[in-house]
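Below you will find the structure I want to go over with you.
The values are calculated or read from the model by the stated rules, or taken from the named source; none is laboratory data. Note that the structure is a prediction, hence the values are computed from the model and not measured. In this analysis, Cβ positions are derived from the backbone assuming ideal geometry, glycine residues included, and neighbour counts consider all displayed protein chains.
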Amino acid sequence: MYTGGLISFGIWSIQLVIVELYLRRLFGIALYIQDIRILILVVNVVYITVFFITLKKVFKPRASERSELKLQEAFDIYEKKHGEEIKVVGNHIILDVQDLTTYFYTEEGIVKAVEGVSFQINEGETLGLVGETGCGKSVTALSILQLVRPPGIIEKGKVIFRGEDLLQKSKSIVLGYRGKDIAMIFQDPLNSLNPVFKIGAQITEVYFLHMENELLVESAKQNKSIFAVAREWGEHLLRDLNIPFPDVIFDRYPHELSGGMRQRVQIAMGLACKPKLLIADEPTTALDVTIQNQILKLMKELKNKFNTSMLFITHDLGIISKMCDRVAVMYSGSIVEVGDIKKLFITPYHPYTKGLIGSVPIVGKKRRRLEVIKGMVPNLIYPPSGCRFHPRCNYCFEPCDSKIPKSIEVEPDYFVACHLYDPEYRELAAISIKKEKTIANKTYFDN
């Protein structure tokens, strides 16, 4: 407003000089007989007086009224939101993914990256999504937040978050969910953080985008500016993540921090708005073992502190056993098994899950040979017909190469997508299991 007033003042002064010159030269009329600089000075004094009187009597009251209305609105929204949070009690399903399908249309062909993926996450729960590299774990996470870039397209499915299907929402509405209600931590923090902005600017941006009302309320209570409050919150969050000298780190650039520190900053950005769901896409991949354990311990503590549900994506079964309450095993774009973490590790059902667990060496347990899953991961442009695991499966029988297996509840809240547990093929499955046991025993005694 002040800048606009000064510009107007300058234009008015120039116009006054031009009018005076034209009147004097063309018509011989002199508006002011003495030095024109005295005229400009008088006009300037009049203009500044009028400007400040108008500012004080008209603009300032209007601005104050608008600020009070905005602050009152912020208080109302804050109180309403706080009341709703108190009412939410119990074990509710916070995310329900149903038949999610995402394809990539490339020159070589259609990459069927995610095919009919379904799972649920309860409030306060950590669900692990585990599988080999390239099986579609990251694409599943990106599809939930609609971050899939062209040539990728979400073909069908539902992503129901707190009762609302996000895939039916417009991009602008989904943008409001990102960072606020659903946050994501990416694999490589160096590529995820903006190199030209300071750490503090990137953390506080989350507050300004999603927590403007809370900032206004807090600034009114403390009689501080919203920028001071945002900085205070940012430094407090960094302190919670065990980052030393948060006030110093706040003013540094990403390249000035170590890998572990950058990952902590990225976790801070993810947890800034206390999201209901946190998606962690292999957050410890680029870190060494000691830093990895620190980050995992920290994430677990913060999850409990903020009561945040988590989708934890990794290919490491050891990390899954530490972090998760339930686990979904993914193979070639599909979920093959999902259930309680203890049950899955003790008595896995799907042949692929058995192979994964069997291939992990156990300290203190003698084994002549580690299990190996034969064959290679299929090309997702030309996936196998029927069950995608059937070319590598030791239990493969008649329907496996032609029919896609249904997800069957083998135990309460434990699902397996395999024809071995389908009542329709019980007799054929029994023959296949008996045959595999015979071959396994023969191989054991031969060795």
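Regarding segment 203-217, can at least one residue be identified that is surrounded by fewer than 21 Cβ atoms within 10 Å (Cβ to Cβ), of a type in the set (S, T, N, Q) and under 30 Å from residue 130 (Cα atoms)?
no
Sticking with this structure for a sec: Select from segment 102-121 the residues that are more than 19 Å from the chain's Cα centre (by Cα), among the hydroxyl-bearing types (Ser, Thr, Tyr) and either part of a strand (DSSP E or B) or within 22 Å of residue 337 (Cα to Cα) (or both) and list them in ascending order. Don't jump to the end; show me each part of the working.
In the first step, residues of segment 102-121 are kept if they are more than 19 Å from the chain's Cα centre (by Cα); the result is 103-113, 115-116.
Then keep just the ones that are among the hydroxyl-bearing types (Ser, Thr, Tyr); that gives 103, 105-106.
If the condition is that a residue be more than 19 Å from the chain's Cα centre (by Cα), among the hydroxyl-bearing types (Ser, Thr, Tyr) and either part of a strand (DSSP E or B) or within 22 Å of residue 337 (Cα to Cα) (or both), then 103, 105 are the ones that fit.
Quick one: would you say residue 278 is of a type in the set (A, V, I, L, M), modelled with pLDDT of 85 or more, surrounded by 15 or more Cβ atoms within 10 Å (Cβ to Cβ) and within 25 Å of residue 97 (Cβ to Cβ)? So that I can check it myself, show each step before the final result.
Values: of a type in the set (A, V, I, L, M): yes; modelled with pLDDT of 85 or more: yes; surrounded by 15 or more Cβ atoms within 10 Å (Cβ to Cβ): yes; within 25 Å of residue 97 (Cβ to Cβ): yes.
So residue 278 fits the description; yes.
I would also like to ask the following. Please determine, by comparing only the residues of segment 389-419 that are crowded, with 20+ Cβ neighbours inside 10 Å, touching a Phe, Trp or Tyr at 6+ places or on another chain (Cβ under 6 Å) and outside any loop (DSSP other than H, G, I, E, B), which one is modelled with the lowest pLDDT.
This residue is 419.
Something else: Give all pairs with beta carbons closer than 6 Å in which a residue from segment 156-177 that is within 16 Å of residue 98 (Cα to Cα) meets a residue that is surrounded by 12 or more Cβ atoms within 10 Å (Cβ to Cβ) and of a type in the set (Ser, Thr, Tyr); count only pairs at least 6 apart in sequence or on separate chains.
Hits for this filter: 156/101; 157/101.
If you don't mind, there's one more thing I want to ask. Tell me the helices (runs of 4 or more DSSP H) entirely within segment 263-358 that contain at least 1 residues that are free of Cβ contacts under 8 Å to residues at least 12 places away in the same chain, out of contact with any helix residue (DSSP H, G or I) (no Cβ under 6 Å at 6 or more places or on another chain) and within 27 Å of residue 175 (Cα to Cα). If you could, list the steps in order and put the result at the bottom.
Numbers: elements: 289-306, 317-323, 341-346, 351-358.
Because the criterion is at least 1 residues that are free of Cβ contacts under 8 Å to residues at least 12 places away in the same chain, out of contact with any helix residue (DSSP H, G or I) (no Cβ under 6 Å at 6 or more places or on another chain) and within 27 Å of residue 175 (Cα to Cα), the helices (runs of 4 or more DSSP H) in segment 263-358 that meet it are 289-306.
Just give me the residues in segment 128-177 being β-branched (Val, Ile, Thr) and surrounded by 12 or more Cβ atoms within 10 Å (Cβ to Cβ), in sequence order. Spell out the reasoning first.
Within segment 128-177, the subset β-branched (Val, Ile, Thr) is 130, 133, 139-140, 144, 148, 153-154, 159-160, 173-174.
130, 139, 140, 144, 148, 153, 154, 159, 160, 174, listed by residue number.
When you scan segment 290-306, do you find a residue that is crowded, with 23+ Cβ neighbours inside 10 Å and within 27 Å of residue 268 (Cα to Cα), even just one? Don't jump to the end; show me each part of the working.
So in segment 290-306, the residues crowded, with 23+ Cβ neighbours inside 10 Å come out as 299.
After this cut, where a residue has to be within 27 Å of residue 268 (Cα to Cα) as well, the list is 299.
Yes: one or more hits.
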